[in-house]
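Notes for the one structure printed next.
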Protein chains: 2
Amino acid sequence: MASIKDVAYEAGVSTATVSRVLAGKSNVSEKARTRVFGAVDKLDYRPNRAAQTLRLQRSATIGLLVSDIRNPFFTAVSRAVEDVAHEAGYSVFLCNTDEDPAKEAMYLKLMIDQDVAGVIYSPTLQSAEKLDATQFRFPIILIDRDAPQTDVDAVLLDNVAAGEQLACHLLQNGYRRIFGLFGQESGTGHKRRAGLLRALHSADVPPFGETFTDARIEAGYEAVLTALQSADPPDAIFTTNSLLAAGAMRAIHEQSLKIPDDIALAGFDDATWTTLVQPQITLIAQPTYEIGQSATELLIKRIEQPQRSARRVILSGKLLARGSTQKLV
Amino acid sequence: MASIKDVAYEAGVSTATVSRVLAGKSNVSEKARTRVFGAVDKLDYRPNRAAQTLRLQRSATIGLLVSDIRNPFFTAVSRAVEDVAHEAGYSVFLCNTDEDPAKEAMYLKLMIDQDVAGVIYSPTLQSAEKLDATQFRFPIILIDRDAPQTDVDAVLLDNVAAGEQLACHLLQNGYRRIFGLFGQESGTGHKRRAGLLRALHSADVPPFGETFTDARIEAGYEAVLTALQSADPPDAIFTTNSLLAAGAMRAIHEQSLKIPDDIALAGFDDATWTTLVQPQITLIAQPTYEIGQSATELLIKRIEQPQRSARRVILSGKLLARGSTQKLV
DNA sequence: TTGTAAGCGTTATCAC
DNA sequence: GTGATAACGCTTACAA
């Protein structure tokens, strides 16, 4: 591998000049610039990232900490993060935290070791509460989940409004016995629940039942199975992510119930399967790609201007009313 | 951040000794060892990765190049890769190549810049053909897709056998007009097609029709729609990945055809949706987590023993016969 | 406008 | 067994 010294030798200048040219500094003569670029081309020179990192105490890498890459929401977000990051010359470290605060802490330490330029992070409720973004030497952008600390950048959904909108839709279509299924580790689940409760309250409909559980298909399956088998079963299931909805779907099938006649199903995130089943599933679609994109853009701006004031981007979900919540007749 | 110098000062030894202790070298006195560990704990010292990389000319990072992280197959594999890699002290760079040879080349160069310790890679047909793994300074492990070059490690499915098994299942259940839908950029699709053809030949059934296309839902949708609308429609669809199958599913719905009475559907990869639709989809399930796990283990061994002879791990798919290919009566 | 040289934090060679 | 020191490849303050 050619180093900056080789380029300098080839171009007949010093390494300082090569570095200046490559950094696009203005105080370099046109002649030197030309010769340097010529040498770079000839030697197929590419700067050594480790050396740059060591020197600058900051790498051209960003960390992406999500709870589970198998969740289609995070998959879509990751895709956007990677696209935008690479476009801007950054690489992406991907880490799965499994909603485990210990793993989150471990990975945040790893991010320090790596001298990452910044982190995009979706914290558990527990970690979010004690998050102090100022203790890190790199900026942090929160996605999907908020934190009490307000001076941190974030890209979020208006979760209370979205939950309320989805609940209103169920109420308008005649459902009254709405069972709520929420991810317990995520602040987002709690916000969406608040929206549900608000809608119920406005409509003067009493809360029916609910379960908090891990955001996994199996957990959703078990919770809904229990609810369906109870003496007093619900007429609609309100879930807060696509994994829980998939689990609910399994339980409903297993009980041989018909959607929406026997039971309605509504959730969040426009996963592939929601339009492949019949009837299709009503849900709040999040602008996933946009979330990843905004978060990464925000992060890169923050890296360039550390003193910039924090901003939170609040995006709106979109209700996609489909067959699974058809009006009761 | 404490550096090795701080630790050396605190422990009253030289940086060389600290380095030796941390590397687990034997030629260090017990006394020095104790003092160093004490200092490390006290200062919460963690070695700087960039400095290590620069010095060793190799980082504790592995690259993972997949065609699209939104494909559930790669999601599952990525998850396994990340788990095993972190377990062994490596971080993972994730890159989406979009089946674009230019992007593949670009990312492979980036891997060089990053001094990665190794790469797990799923090449397009085009890149696989001209792949020369020896030209890279790091080992490469192929997954999912083979390459003509034989002296490279790989973790693969027995694709011909799997394709044949799936086709035999269709034939046994009475389907004769089997339309094949293959990913065009992947050698894997071609192998599975070979299995289909072999099964047809053995059963003395003439090939019916086929399309090669991008491995995307929309592409699968269009290809199947065309086939279904033709004067001579198929009685079964044979697809080679879950994205194409999802597209096929949409087209079948849109034509208001009933599975399996009007048309059967069979594919690869046990994506979530395949058991949520009714009837459930017959497919060859790949041991995705195992693939990622084996690939990463192979890579790490290779990093440690570069001269080790190349080995290919061939895993078997598992036919999950479900409702979408029920026997014709 | 350009070059010299220090220094980022490690590891490993060499001398003791 | 241990320590001083060179080297990895880069950026940048300072000097010219």
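Laboratory data are not the source of any read-out in this text; all were calculated from the coordinates shown. Everything numeric in this text was worked out from a predicted model, so none of it was measured. Methodologically, a virtual Cβ is constructed for each residue, glycine included, from the backbone with ideal geometry; neighbour enumeration extends over all protein chains shown.
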Checklist entry - Do any trypsin sites (Lys or Arg not before Pro) in segment A:203-281 lie in a loop, going by DSSP, with at most 14 other beta-carbon atoms within 10 Å of their beta carbon, and if so which? => result A:Lys258
Checklist entry - Relative to the other copies, what are the label-point distances for A:Gly174, with labels 7 Å from Cα along the C-beta vector, expressed in nm at one decimal and sorted shortest first? => result 3.9
Checklist entry - How about B:Lys42: which aspartates and glutamates have a C-alpha closer than 12 Å to its C-alpha, ignoring those fewer than 8 places off in the same chain? => result B:Asp6, B:Glu10
Next on the checklist: Out of all DSSP beta bridges in chain B, what portion is antiparallel? Express it as a percent rounded to 5.
Outcome noted: 10
Checklist entry - 222 nm [θ] for chain B, helices only, -39500 (n - 2.57) per DSSP H run of 4+, per residue, to 500? => result -14000 deg cm²/dmol
Checklist outcome for this item: In order over segment A:219-233: 3J(HN,Hα) from phi, Karplus 6.51/-1.76/1.60, θ = phi - 60°, whole Hz, x for each Gly or Pro, gives 5, x, 4, 5, 5, 6, 4, 4, 5, 5, 8, 5, 5, 10, x
Checklist outcome for this item: Scoring only Lys, Arg, Asp and Glu (+1, +1, -1, -1) among other residues with Cβ under 14 Å from the Cβ of A:Leu166 yields +2
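Work out, step by step, the length gained on full extension between B:Gln57 and B:Asp158: first 0.36 nm times the residue separation, then minus their alpha carbon distance; give nm to one decimal. Display every interim value, and only then the final one.
On the way: separation 101, 0.36 × 101 = 36.36 nm, distance 3.66 nm.
Stretched out fully, the B:Gln57 to B:Asp158 stretch lengthens by 32.7 nm.
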Checklist entry - Which whole-Hz couplings ³J(HN,Hα) result when phi for each residue of segment B:29-37 is put into the Karplus expression 6.51 cos²θ - 1.76 cosθ + 1.60, θ = phi - 60°, listed in order with x for Gly and Pro? => result 6, 4, 4, 4, 4, 4, 5, 5, 4
Next on the checklist: Taking the beta-carbon count within 10 Å as an exposure proxy, list B:Ile112, B:Ile143, B:Ile314, A:Ile259 from fewest neighbours to most.
Outcome noted: B:Ile314, B:Ile112, A:Ile259, B:Ile143
Item to check | Residue-count net charge about A:Lys42 - beta-carbon cut-off 12 Å; Lys, Arg +1, Asp, Glu -1 | outcome: -3
Item to check | Label distances, nm, B:Lys42 versus same residue in remaining copies, Cβ-directed 7 Å point | outcome: 5.5
Checklist entry - So which residue of B has the beta-carbon closest to the axis that swings B onto A, and how many whole Å away? => result B:Trp273, 2
Item to check | Stokes-Einstein D in µm²/s, Kirkwood radius over Cα pairs - segment A:8-87 at 4 °C with 1.567 mPa s viscosity | outcome: 84
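Over all residues in B:268-276, what is the mean tally of Cβ atoms on other chains that come within 10 Å of each residue's Cβ?
Going residue by residue through B:268-276 and averaging, the value is 5.
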Item to check | Built amide H within the under 5 Å cut-off of A:Leu157, gap 5+ | outcome: A:Asp144, A:Leu315
Checklist outcome for this item: Within the under-12-Å Cβ sphere about A:Lys191, not counting A:Lys191, Lys/Arg +1 and Asp/Glu -1 give a net charge of 0
Checklist outcome for this item: Sorting from shortest, the nanometre distances separating the label point of B:Ala102 (7 Å past Cα along the line to Cβ) from those of the same residue in the other copies are 4.8
Next on the checklist: Loop only by DSSP, 16 or fewer other Cβ within 10 Å of the Cβ. Give me the trypsin sites (Lys or Arg not before Pro) in segment A:108-140 that pass, ordered by residue number.
Outcome noted: A:Lys130, A:Arg137
Checklist entry - When Cβ neighbours within 10 Å are restricted to other protein chains, what is their mean count per residue of peptide B:45-51? => result 6
Item to check | Cβ-derived FRET efficiency at R0 35 Å, A:Asp204 paired with A:Ser230, nearest 0.05 | outcome: 0.90
Next on the checklist: Just to be sure I understand: of the beta bridges DSSP finds with both ends in the protein assembly as shown, what percent are antiparallel, rounded to 5?
Outcome noted: 10
Checklist entry - ³J(HN,Hα) across segment A:184-189 via Karplus (A = 6.51, B = -1.76, C = 1.60, θ = phi - 60°), whole Hz, x for Gly/Pro? => result 7, 8, 10, x, 4, x
Checklist entry - In segment B:270-317, which trypsin sites (Lys or Arg not before Pro) fall in coil by DSSP and have 15 or fewer other Cβ atoms within 10 Å? => result B:Arg308, B:Arg311
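Per residue of B:53-60, how many C-beta atoms from partner chains lie within 10 Å of its own C-beta, taken as a mean?
4
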Item to check | Isotropically averaged projected area of segment B:4-45, using the convex hull of Cα atoms (one quarter of hull area), nm² | outcome: 2.3
Item to check | Shape call, the protein assembly as shown: gyration tensor on alpha carbons, a/c limit 1.5 | outcome: oblate
Item to check | lysines whose Cα lies under 27 Å from that of A:Lys301, excluding same-chain neighbours fewer than 8 positions away | outcome: A:Lys25, A:Lys109, A:Lys130, B:Lys103, B:Lys109
Checklist entry - Charges only on Cβ, +1 for Lys and Arg, -1 for Asp and Glu: so what's the dipole of segment A:223-293 about the Cα centre, in debye to the nearest 20? => result 120
